[in-house]
Structure formats: C-alpha cells, structure tokens
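Data first, discussion second: the structure below is written as structure tokens.
Derivation of every value follows stated rules applied to the coordinates shown; laboratory data play no part. Please read all numbers here as calculations on a predicted model, not as lab measurements. Glycine also receives a Cβ, built like all others from the backbone with ideal geometry; neighbour counts cover every protein chain displayed.
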Amino acid sequence: MATTVEMRNVYSALPSLLSVSSHIWIDLDEAADVLYISFRKPQQANDSVMENNLVYHYDGEQLVGITVIGAKTLLGETARQRNN
C-alpha cells in the first residue's frame, strides 16, 4: 500500500509527466531497482542520453521514455529531504 509521502511524490510528478505526453506507461523492476517510464508504446528509441541516474530515450528529437536507475533509493532520499 502506498504511503502518504509516496502519493505526494506521485501527485507532484504528474504535471511534469503529463506535459510530455497524455499516455504514460510505468514499469518497476523491483529486483533491479529500475523504473521505466514510457510515453509511447512500443517505445522505439533511436538515441539515449544518460545524466546521473536517469536515461532519456529519444526518437529523433522527441522524448519517448525515461529510465530511472536506483528508483526506490532515489525516492527514499527525496522523502527524507522533504521531511527535514
């Protein structure tokens, strides 16, 4: 079950996600701690750019997905920072 902190994080992310696409697919690989966010199915990216723990996937100049490496760890750090 989602906690209040987790739901606040989801709600706060929605405007940014919806500004990219009205369709969003989200998959979490818990064992690998990787979150996949796709704005197009199938994603079919032809270029990727990595910045820190984020990988941005592009089809030409259009952003079609984001991979978050260490998603649960990142969420925990964000929650701790907000609570301090």
- Two decimals is fine: what's Rg over Rh for segment 4-83, C-alpha atoms, Kirkwood radius as Rh? 0.98
- Contour minus Cα-Cα span, Leu18 to Ala31, at 0.36 nm per residue, comes to 1.9 nm
- Query: With contacts defined as alpha carbon pairs under 8 Å and 6 or more residues apart, what's the relative contact order of segment 4-83 in percent?
  - Reply: 24
- Task: Work through the residues other than Ser48 whose Cβ is under 15 Å from its Cβ and net out their charges, Lys, Arg +1 and Asp, Glu -1.
- Result: -3
